[in-house]
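The values are calculated or read from the model by the stated rules, or taken from the named source; none is laboratory data. Note that this is a predicted model, so its numbers are computed, not measured. Ideal geometry is used to build each Cβ from the backbone, glycine not excepted, and the neighbour counts take in all protein chains shown.
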Amino acid sequence: MATPPQSFVLDRSIFNETLYSRLREFWLAGVPHNATSPPFEALQKWFGVGRSPEEKAAFDGECYSEFGEALEAIGPSKLALPAWEGYEKDLENVEAISAPLLAEVKNALGQNVEGGVQTLLSLSLLLDQMPRNIYRDGDGLRLVFTHYDRLAWSLLRSSMKLSPNPLEHENVKGRPLYLTWYLIPLMHCEHLPSHDIFLEYAQNCRLTFLEKQDTAAVEYMDRNIEFEEKHIEPLKLFGRYPHRNEALGRKCTPEEEAYLQTAETFGVKQKQKDVKEDEKQDVDRSEL
């Protein structure tokens with residue numbers, strides 16, 4: 001029987017510093033420690049740019065072999081989230097929903113602020129990115145949107161209430177390519193106020209590096225802001241992401257059906273669209 005978050009105990013043979021370090025090493029491999037923007041090889045890995053379907057599938061397989069066990073250990077058969085009543089209700093309960101994971105961040109912050117910041121990054125990658133590489137269609141996508149995204153969003157929103165706020169740390173605000181991986185759960189939610197937070201952090205970061213005349217960092221943040229604005233568009237029109245309707249069992253309105261004929265679906269395959277998705281850039285790897 002699945003356990004509510006407040007009573008859930010993480011399996012220490014899985015959830016430990018070895019896992020958290022491995023998540024960062026795996027995802028950020030090839031990225032110089034002090035880099036403000038990612039090398040092209042990292043973009044290829046993260047977003048599938050210029051990669052063949054076989055190469056993308058191989059990377060997905062690596063994600064599963066490395067981190068599938070950790071995701072399954074906090075999946076819905078083990079960790080029971082409260083019934084969904086909307087984002088505002090979840091916002092009231094983010095600490096309870098993310099309780100076992102938030103405790104990891106708190107404990108790490110208590111020992112060393114930078115360690116806590118890194119732990120949050122690791123958990124964000126685990127909850128937001130790994131599911132998108134492992135569960136790509138059907139019931140898997142539903143799992144991403146209803147379980148792991150909820151955990152990722154709740155963990156970030158609750159962590160932002162901590163003192164110190166991890167997002168205000170110099171190693172987050174001062175490193176654009178790291179900042180985006182902390183913020184990504186905000187982009188993936190259907191909650192416009194959270195998108196405002198994403199834009200605030202992203203735009204402030206862009207201005208900082210514009211003043212420093214770091215062109216590569218500014219261009220990287222420009223791409224993130226542009227993609228964030230693409231996510232905001234359907235939310236302003238419909239209050240939700242129509243490209244998720246199939247996976248979530250939601251019926252499209254006629255307006256949404258018309259929109260999906262030409263709109264960006266962020267790599268989420270649509271039965272209605274006669275498009276060879278495997279020939280498109282696989283941006284749903286992070287929906288970035």
Query raised in the report: When you scan region 225-281, how many residues do you find that are surrounded by fewer than 16 Cβ atoms within 10 Å (Cβ to Cβ), at pLDDT 95 or above and under 18 Å from Arg136 (Cβ atoms)?
Result: 2
Report task. Kindly indicate whether Arg142 is surrounded by 22 or more Cβ atoms within 10 Å (Cβ to Cβ), part of a helix (DSSP H, G or I) and either touching a strand residue (DSSP E or B) at 6+ places or on another chain (Cβ under 6 Å) or not hydroxyl-bearing (Ser, Thr, Tyr) (or both). Result -> no
Query raised in the report: Taking region 154-192 only, how many residues are surrounded by 18 or more Cβ atoms within 10 Å (Cβ to Cβ) and part of a helix (DSSP H, G or I)?
Result: 21
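Considering region 4-23 alone, what residues qualify as being in contact (Cβ under 8 Å) with a residue 40 or more places away in the chain, under 27 Å from Ala96 (Cβ atoms) and either over 21 Å from the mean Cα position of the chain (by Cα) or in a helix (DSSP H, G or I) (or both)?
Hits for region 4-23 are Pro4, Pro5, Gln6, Phe8, Val9, Asp11, Leu19, Tyr20, Leu23.
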Query raised in the report: Within region 222-268, how many residues turn out to be under 20 Å from Pro193 (Cα atoms) and hydrophobic (A, V, I, L, M, F, W, C)?
Result: 6
